[in-house]
Amino acid sequence: MKKHLLALLLATGILSACQDSEDPETIIIRTDSQTLSERISLDGTGVVALIDPNAPSGRIMESSSDLPLILISQVPGPVYDGQTLRATHVDIEGDYAYVGYNLEGDRYLGAVEIFNISDAYKPVIVSQAIFTDAEVSSLEFANGTLYLAMAVDIDGSQEVSSPANLASVSVSGGNFTSGFSFTSIEGFVATDVTRTQNSTAITSGNPGILGLADNAGNITNQMEMEDLRSVAFGNDRLAVLSGVNGATILNPSNLSTTATISLPAATPEAKRTIAINNNRVYIAEGANGAGIYRLDNGAELAKLPIPINPADTDPGDVVTNAVSVDNSLLFMANGAAGVSISDVTSTDDIKSYGIIDLDGSSNFVRNEENFVFVATGTGGLQILKINEKESDPTETACASLPAYPGDYWLNINSNETKAYGGAASIGGVNNNSNFLFCGSLAILEQFNLNGNSVTEVYGALAFGRYNGGTTMNVNSTLKLSGSIVIYGDLNLNSGAKLEFVGTGNSITIYGRVNKNSGVTITGDYTDTEGKLK
């Protein structure tokens, strides 16, 4: 067992030299956030339509959803030496997301990038490390340290005794603040990593080792288990997933077995993940979808099949590669069948929200703190935000409002008043009278404010698709408070009144703004793109 600490060259001049270096025996650190973030694209962004798995031809839902989803960015993988890397794993902690990358094939090439997501609709890449002789399978951030499960070229620059390695590096404010330390374990590739209360658990695939490392990087305990794919920690238990032996629940202090879960053998070398949440174990089970089990005894609670099987698709591409659960929302990355979403509050009555149809095969998903990161192979990384219900300054107007009833299209006739609260994602609104919404409202296609109507949205509003031919037409009075993001075009027609209520409001408009004569805009707001000038 060998450890090697590779000093990172963090001085500005040396960093510049590293960026231009052709030496394959270096870890290349880049911290030019503006340049790194040029890959982040708005293409395809905006309000997300969910596909109804029960409708023919993959039609979108014909009813509203109380889960407003916004695609905020698409990020192709970083390119090095003419090779485009693919995202393999994501961890989210506070204002930062940590993304690992590798390269398919025999070449060792990988990367890790740190995204600042504090501005929810405008993520930026703060720093990047390119590994010219190693790749990243998985990662986790905890207590100021980033832990990586890696495969390392033993003939490369790192002094390692095996290709499977646990790497660690200190991180602060999105920047690497120490060198990368490597600890070898037996195996050709380290497949997953997680932190327990007192140690770091690392797995390798072949021969299959679960190791526990102390804070100094020394392996203090280990056990052999064939073909380990994933490891998770929660409720003072470790859960490991084997492609051969199913799942095993362990005591992390001594690695004794507390429960087992039998599963069919997994496809060789395919990615599968396991997660622990609220005393349950969630397992990606390939062609069989996902399974939910009790943590204490391994008893099955529910099975979730893959909702759709797209036509003209290789059945081997319709598999659940990864599961992620937070706040009772279960996301399943189902390869060519997209990402399905379910509310698993009760395993006796699981609610299906539908399917996100994204470019590329969905290989990995991570949802946490209202963000959803999806690694889609050739489609790169896709970043979504769950627009949760937000508070508003008009307590009297918003008190005791009913939830939106479910119509995909909302038409408000003359002399009608409609008022709702909560969270809703709908196809369109056509208002000819009075409309009030308090909470989080996402509108996909049409938003028409006609005649002498008054429209009030307090909390969060998202509209349209970027370059998607969606237009918001304001011919009357529109009152807004909170966070407003318009991905389509905005027409402020003659006599339109746009009023911002309260303080601290922000409006982001990515489409075109057409402002005709007699338009008035009042109130306190920040125009992030300068489109309302």
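The values are calculated or read from the model by the stated rules, or taken from the named source; none is laboratory data. Since this is a predicted model, take the numbers as computed values, not measurements. Neighbour counts are summed over all protein chains in view; Cβ atoms, including those assigned to glycine, are modelled from backbone coordinates with ideal geometry. When the accessible area is computed, the model is the full protein with side chains, heavy atoms only, and any ligands, DNA or RNA have been set aside. Shrake-Rupley method; radii C 1.70, N 1.55, O 1.52, S 1.80 Å.
Among beta bridges from DSSP that stay inside the chain, the antiparallel ones total about 70%. Here the chain exposes an accessible surface that is 43 percent carbon and sulfur, computed with a 1.4 Å probe and the other protein chains kept in place.
The Cα-based radius of gyration of the range 264-418, divided by its Kirkwood radius, gives an Rg/Rh of 1.07. Pick the calculated semi-axes √(5λ) of the Cα gyration tensor in Å for this structure from [x] 44, 27, 19; [y] 54, 23, 21; [z] 55, 28, 21? Matching the structure shown: [x]. Estimated from the Cβ-Cβ distance and a Förster radius of 22 angstrom, the FRET efficiency linking ASN54 and TRP409 is about 0.65.
Placing dummy labels 7 Å off each Cα toward the beta-carbon, the span from SER63 to THR257 is 4.4 nm. Using a cutoff of 8 angstrom between alpha carbon atoms and counting only pairs six or more residues apart, the relative contact order for the range 430-510 works out to 26 percent. Counted over all Cα-Cα pairs of the range 394-512, pairs farther apart than 24 Å make up 16 percent.
Taking 32 Å as the limit for the C-alpha separation, the pairs LYS385/LYS531; LYS122/LYS271; LYS351/LYS515; LYS385/LYS533; LYS351/LYS479; LYS351/LYS531 exceed it in the case of LYS351/LYS515; LYS351/LYS479; LYS351/LYS531. How far is the Cα center of the range 250-290 from the Cα center of the range 172-235, in Å? Each part reduced to its Cα centre gives a spacing of 17 Å.
Sequence-distant contacts, meaning Cα pairs under 8 Å at least 6 residues apart, place the relative contact order of the chain at 10 percent. From the alpha carbon centroid of the range 100-126 to that of the range 294-328 is 25 Å.
Heavy-atom accessible area, probed at 1.4 angstrom with all protein chains present, ranks THR203, THR477, THR417 as THR417, THR477, THR203, highest first. Calculated accessible area for the chain comes out at 40 Å² per residue, all protein chains present (probe 1.4 Å; ligands, DNA, RNA ignored). Between the listed residues TYR108, LEU139, VAL126, the Cα displaced farthest toward the positive end of the dipole of the range 104-185, a dipole computed from Cβ unit charges relative to the Cα centre, is found at VAL126. From its DSSP helices (H runs of at least four residues, each -39,500 (n - 2.57)), the chain gives a residue-normalised ellipticity at 222 nm of -500 deg cm²/dmol. Which whole-number percentage describes the relative contact order of the range 304-426, with Cα contacts under 8 Å and a sequence gap of 6 or more? For the range 304-426, the relative contact order is 15 percent. The length gained by stretching the chain between ASP43 and ASN218 to full extension, at 0.36 nm per residue less their Cα-Cα distance, is 58.5 nm.
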